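Data block below; observations after.
The values are calculated or read from the model by the stated rules, or taken from the named source; none is laboratory data. Note that the coordinates shown come from a computational prediction; the quantities given were computed from them, not determined experimentally. Cβ placement follows ideal geometry from the backbone for every residue including glycine, while neighbour counts extend to all protein chains displayed. The accessibility values were calculated without ligands, DNA or RNA, using every heavy atom of the protein model including side chains. Shrake-Rupley method; radii C 1.70, N 1.55, O 1.52, S 1.80 Å.
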Amino acid sequence: MKIGLIGSGNMARAIARGWGEPVLCTDSGSGSAQALVDELGGERVASNRELAERVDLVVLCHKPYHLDAVAREIGDAARAVASVLGGTSTPMLRRAYPSAQVFALMPNTPVEVRQGVIVYAQPDASLLADLDHELEASVLELFGRLGQVVHVAERLMDVATSVSGVGPAYQALLAEAQVDAAVRHGLSAALAAELVNATVRGSAALIEAKGYDTLRVRREVTSPGGSTARGLDALERAGIRTAFQDALNAVVAQGTPR
Ligand SMILES: NC(=O)c1ccc[n+]([C@@H]2O[C@H](COP(=O)([O-])OP(=O)(O)OC[C@H]3O[C@@H](n4cnc5c(N)ncnc54)[C@H](OP(=O)(O)O)[C@@H]3O)[C@@H](O)[C@H]2O)c1
């Protein structure tokens, strides 16, 4: 399947690096498309319409508010369109590209290292009749190379992507806070970062192996009256649960991250 990227910014770059193949791509004049081609090979294409004519799948990586303008430019030249645009539902894509098969996906930035989460908006029953299932399977296989594809009902997309889309920033902040705390107690930043990162990776694997039973994982490391219990108590008193609830409320209230 020949792929073309509309837009060559942060998300396009992460996706293209994850696929690790030469790209056909466009930009709006900043030179980002040429920079991506210089890195991965391929070709900067002069217009979005020409790109759509030359590929089997157009991947929309521009900002959500450019949806209609880009769609007008492409017209009926696109056969299949995969969108990674925040807050852009399958019905919105169908309105913009009425003659194409459309797929709404939301990757997060770890796609760059093929460990992303790609949330796929499961088409509603009303859209299934027109869906090319073979093409859908090919698109999901393509994005599956970038990490784990998770199917989510369209109505829950905002919440799901408010967890996974912003998640890498939260994890980076948590890691940074732990590193800074350890530095204050004498560890070098490099050593602390190594310890924190390896612990995050191992803990994620352990939680998955135990069927996402986080309470069990916590109990297994928390001796009564011990150091983990004291650390967890400090985090609870600092309001860690409220902080995450407030963060999700803030993200969902404003719509999917853009
Ligand atoms: N960043 C994330 O973590 C993340 C996660 C999931 C989804 N997304 C979604 O990914 C999309 C892009 O976000 P981003 O962070 O990559 O933004 P970005 O870095 O600003 O990149 C946007 C790209 O779109 C290009 N563009 C704008 N208008 C265009 C047009 N008419 N034709 C062709 N290209 C055009 C821009 O060109 P220039 O380079 O010339 O300005 C730029 O390369 C958004 O819709 C966002 O919701 C982002």
Could you grab the pairs with beta carbons closer than 6 Å, sequence gap of 6+ or different chains, first residue in the range 65-93 and on the phi > 0 side of the Ramachandran plot, second one modelled with pLDDT of 95 or more and within 12 Å of the ligand (Cβ to nearest atom)? Gly87/Pro64
I need the full set of residues from the range 177-196 which are under 19 Å from Leu235 (Cβ atoms) and open to solvent by 80 Å² or more (accessible area, probe 1.4 Å), in order please. Gln178, Arg184, His185, Leu195
In the set Ala172, Ala234, Ala247, which member is in contact (Cβ under 8 Å) with a residue 60 or more places away in the chain and not acidic (Asp, Glu)? Ala247
Matching residues, the range 214-247, being open to solvent by less than 50 Å² (accessible area, probe 1.4 Å) and either within 18 Å of Tyr170 (Cα to Cα) or basic (Lys, Arg) (or both): Gly239, Ala247
Restricting attention to the range 197-213, report how many residues are surrounded by fewer than 13 Cβ atoms within 10 Å (Cβ to Cβ) and in a helix (DSSP H, G or I). 8
Restricting attention to the range 72-83, and to residues there that are within 10 Å of the ligand (Cβ to nearest atom) and buried (at least 18 other Cβ atoms within 10 Å of the Cβ), which single residue is nearest to Ser164 (Cα to Cα)? Ser83
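Might you check whether a residue that is among the acidic types (Asp, Glu), within 19 Å of Leu5 (Cα to Cα) and away from the ligand (no atom under 14 Å from the Cβ) occurs anywhere in the range 114-125? Lay out the reasoning, then the answer.
Taking the range 114-125 as the starting set, the residues that turn out to be among the acidic types (Asp, Glu) are 124.
Among the residues that remain, those that are also within 19 Å of Leu5 (Cα to Cα) are: none.
Within the range 114-125, none of the residues are among the acidic types (Asp, Glu), within 19 Å of Leu5 (Cα to Cα) and away from the ligand (no atom under 14 Å from the Cβ).
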Gln245, sole failed condition from (1) within 16 Å of the ligand (Cβ to nearest atom); (2) modelled with pLDDT of 95 or more: (1)
Just one of (1) under 30 Å from Gly231 (Cα atoms); (2) assigned to a helix (DSSP H, G or I); (3) open to solvent by less than 70 Å² (accessible area, probe 1.4 Å); (4) touching a Leu at 6+ places or on another chain (Cβ under 8 Å) trips up Tyr170, so point out which. (4)
